[in-house]
Amino acid sequence: MVAVAEGGRRGEVREYRRIANTPTAVARLARQLSRDGVRLRFCYEAGPCGYGIQRQLSGLGYECVVVAPSLIPKGAGDRVKTDRRDAASLARLNRAGELTAVWVPDAGHEAMRDLVRARLAAVQALCRARQQLAGFRLRQGRHYGRPAWTKLHRRWLAGLKFEQPVPHIVLEDYIAAVEAAEVRRDRLTAQIETMLGDLSRFANPRQLMAYLGLVPSEHSSGTSIKTRRSHQGRQRHRPSTADRGGLVLPDSRPASAVSCCSARRRSRGRSVRPPGRRSCGSARGTASSPAPASPANVVTAAIARELAGFLWAVARQVTIPAG
């Protein structure tokens, strides 16, 4: 559905017509609307159709922005959502300059996003396969009281015996499914060289951390201060970043978020320490003096947040050649 808003504060906002989502229909629409020599500015919501319309209209010389749906201003009592109302609202808000545009990646970055989505699907498939295997062994009365998916746990699974041959066939199938999912996840992970795209689009490291959902939220009242991870930002990037934060954890001794981050700063060279330290906004300013033995997930999130800031600083100093 296409709506048109005339220029000026009191310009008319009218429904134009419904068109097909094809390059031919979009090009015909642009020609028809620009017959009178008016200046056109297009906008549409980000969705499953990608950025093809934006690239086509930009290639034709028109201004076009892709709008973040979660940042479109809406009234608290507005409970009616139709294509006509949405189109008219977008046209009116675009004329007023109240829409927030998203960053439009190029073809290379969009292909990398598809690779990241494929890895996320592989991780979710691995979790389902492991859960199905765990449910099967519990139904068979096989309990394992130690940490799962270690080498010892895998040897224990391979050595399980059953009175009937059918449960053993099912067990082998579940184990094969888990191993296949792990191979798929590892293969996709190895092919991902970068998951964040062009880091120069972030003006400061705090924007990058917010994009990854690694910034803490705060709920303060009087002398009570509670902080936790906000879980906002790109959900598909957050587990991968946390995985990389977990790779640099020390051994099994109790650690705190501040001590781990401080140890990593001391191990850096002098040339990279200042921007990394200034950019990380590490757990010292956000964890509010954690206990001497912080939970592992808190330490991992703090290291991942510092690692994101460090990567932002390095990306600003190093120029990657094209190709």
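The values are calculated or read from the model by the stated rules, or taken from the named source; none is laboratory data. A quick note: this is a predicted structure, and the numbers were derived from the prediction, not measured. Neighbour counts run over all protein chains shown; Cβ positions are idealised from the backbone, glycine included.
Would you call LYS74 exposed (fewer than 14 other Cβ atoms within 10 Å of the Cβ) and more than 30 Å from ARG184 (Cα to Cα)? So LYS74 passes the test. Of the residues screened, ALA190 is one that is at pLDDT 80 or above and in a helix (DSSP H, G or I). Within segment 1-13, restricting attention to residues that are farther than 15 Å from CYS43 by Cα and among the charged types (D, E, K, R), the residue that is surrounded by the most Cβ atoms within 10 Å (Cβ to Cβ) is GLU12. Exactly one residue among GLY75, GLY47 is modelled with pLDDT under 90 and closer than 23 Å to MET112 by Cβ, and that residue is GLY47. Can you find even one residue in segment 51-66 that is in a loop (DSSP other than H, G, I, E, B) and among the charged types (D, E, K, R)? Within segment 51-66, not a single residue is in a loop (DSSP other than H, G, I, E, B) and among the charged types (D, E, K, R).
If you check ARG55, ARG35, ARG31 for being of a type in the set (D, E, K, R), more than 30 Å from GLY108 (Cα to Cα) and not assigned by TED's automatic domain parsing to the domain that holds ALA111, only one passes: ARG35.
One line per residue, one yes/no per condition, for (1) in contact (Cβ under 8 Å) with a residue 60 or more places away in the chain; (2) more than 27 Å from LEU71 (Cβ to Cβ); (3) in contact with a Lys or Arg (Cβ under 6 Å, 6 or more places away or on another chain):
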position: GLU110; (1), (2), (3): yes, no, no
position: ARG130; (1), (2), (3): no, yes, no
position: GLN140; (1), (2), (3): no, yes, no
position: ARG146; (1), (2), (3): no, yes, no
position: LEU157; (1), (2), (3): no, yes, no
position: GLU182; (1), (2), (3): no, yes, no
position: LEU188; (1), (2), (3): yes, yes, yes
position: PHE202; (1), (2), (3): yes, no, no
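Within segment 28-51, the set of residues being among the small types (Gly, Ala, Ser) and either in contact with a Lys or Arg (Cβ under 9 Å, 6 or more places away or on another chain) or exposed (fewer than 13 other Cβ atoms within 10 Å of the Cβ) (or both) comprises GLY37, GLY47. Number of residues in segment 105-122 that are modelled with pLDDT of 90 or more and more than 14 Å from the chain's Cα centre (by Cα) equals 1. A residue that is within 24 Å of ARG10 (Cα to Cα), hydroxyl-bearing (Ser, Thr, Tyr) and modelled with pLDDT of 90 or more occurs somewhere in segment 87-97.
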